[in-house]
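Data first, discussion second: the structure below is written as C-alpha cells.
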C-alpha cells in the first residue's frame with residue numbers, strides 16, 4: 001500500500017512541476033496568435049457566416065470558403081473579447097478572433113486515415129438511419145458529436161444523459177470484455193490479450209483519439225499488460241496513471257469538460273459503486289445498472305454544475321431506463337462501422353438492428369424531458385468542488401470501515 005501511495009505522490013508532484021514551469025501560456029486580449037490543429041466539430045452556420053471554436057477561441061468567418069469537421073487549419077489573427085447573451089439571458093464573454101487569416105493545410109498521413117474512416121462511417125450511418133438515431137449511434141459508438149441537433153442536445157443536457165451519448169470509458173470496457181471473451185475461446189490467453197490490445201488501439205484511432213476514449217484505452221492497456229505479466233491490477237492506480245500521461249502530454253486537457261466527466265465518472269464507479277452494491281436493497285436485475293449510474297452521478301455532480309449550471313434530480317431514474325441499451329447499441333454500432341468501412345451493404349443489417357434501441361433511447365429522454373425539472377446553480381467554484389469530493393471520500397472510507405468491522 002505504501003508503494004502505491006508513493007507512486008501516486010510522485011505522479012502528482014511531477015504533474016504539479018509540469019503545470020508550474022511548462023504550462024503553455026494562455027492567449028490574451030490584443031495578442032497576435034498563430035494556432036493550428038484539427039477542427040473537431042462542424043461550424044455553426046448562418047445565412048452569411050460560419051462560426052467555430054478552435055483551441056478555445058471562437059472564430060467567425062464568412063460563409064465561403066466552407067470549413068468542415070476534420071479540416072487541418074492554420075489560423076492567424078488578433079485575440080479580442082466579445083460579450084453575448086445566451087437564450088437563458090446570461091451574459092457570456094468569449095475570446096474571439098475576428099477577420100482571421102485561415103489556411104487549410106494538407107492533413108498528416110495518420111490524420112488523413114482517421115478522418116477518412118470517420119467520414120465514411122458518418123456517411124454510412126446518416127444514409128442508413130433517420131437523423132436523430134444516426135447522430136446517437138455516432139455519438140455512442142465513435143464519439144462524433146457534430147451530427148446532433150441543438151434541440152436533441154438540450155434534451156440530453158436537461159435529462160442528465162450527456163455522459164452516455166458520447167463515446168466513453170464504458171465503451172472501451174464493454175469492447176475489452178467482449179473481444180477478450182471471444183478471443184479466449186479460440187486462442188491462448190496471452191495471444192487473446194495481445195489481440196484485444198490491437199482492437200482497443202484500432203477503436204481509439206476510429207474515435208479520433210477522443211480524450212475519454214484515450215484515457216479508457218490507456219487504462220485497458222495497463223490492465224491487459226498487468227494480466228499478461230501476471231501482476232495484480234490496481235484499477236484506481238491505472239486511472240491515475242492514464243490521466244497523468246494525458247495531462248503530461250497535453251496539459252490543456254485539465255479544462256476539457258469531456259476529460260473531467262470521464263475521469264470523474266470512472267473514479268465514482270471505482271470508489272462508490274462497491275459501497276452502493278453492499279447497502280442498496282434492489283433486485284439484482286436492477287442493482288448493477290442503478291449503482292453504476294448513481295456512482296457516476298456522484299463522481300460528476302460538481303463538474304456538471306460547473307460546466308452547465310444544471311442538474312436533473314430525475315437523471316438517475318432516466319439513466320436507469322436507458323443505460324441497458326448502450327452496450328447493445330455500441331456493439332451493433334461498431335459492427336456497422338467495421339462493415340461500413342468495407343461497404344454500406346455490410347453495415348446496413350447491424351445499423352437496422354440498432355434502430356429499435358436508438359429509437360427507444362430518444363423516446364425515453366424526450367418524454368422525461370418534460371418532467372425532468374433541472375436545478376440551476378449559478379456558481380460552483382473550486383473550493384466547493386474540493387469540499388464535495390473530500391466529503392464523498394470521507395463517507396466512502398467510513399462506510400467501508402463500518403462494513404469491515406461488521407464483517
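Here, each number is a calculation from the coordinates, and none is a lab measurement. What you see is a predicted model, and the numbers here were worked out from it, not measured in a lab. Ideal geometry is used to build each Cβ from the backbone, glycine not excepted, and the neighbour counts take in all protein chains shown.
Spin-label model, residue 188/residue 401: points 7 Å from Cα along the beta carbon direction are separated by 4.8 nm. Reducing the stretch 203-218 and the stretch 344-375 to their Cα centroids gives an inter-centroid distance of 23 Å.
Ranked by how many other Cβ atoms sit within 10 Å of their own Cβ, fewest first, the residues 248, 162 fall in the order 248, 162. First measure r as the distance between the Cβ atoms of residue 99 and residue 16, then evaluate 1/(1 + (r/R0)^6) with R0 = 35 Å and state the FRET efficiency to the nearest 0.05. The pair residue 99/residue 16 has a calculated efficiency of 0.35. As a proxy for reagent exposure, 19, 64 were ordered by neighbouring Cβ count within 10 angstrom, fewest first; the result is 64, 19.
The modelled label-to-label distance between residue 202 and residue 36, using points 7 Å beyond Cα along the C-beta direction, is 3.2 nm.
Relative protection proxy for 179-187, 137-145, from highest mean packing down: 137-145, 179-187 (other beta-carbon atoms within 10 angstrom).
Taking the number of Cβ atoms within 10 Å of each Cβ as an exposure proxy, the fewest-first ranking of 80, 147, 63 is 63, 80, 147.
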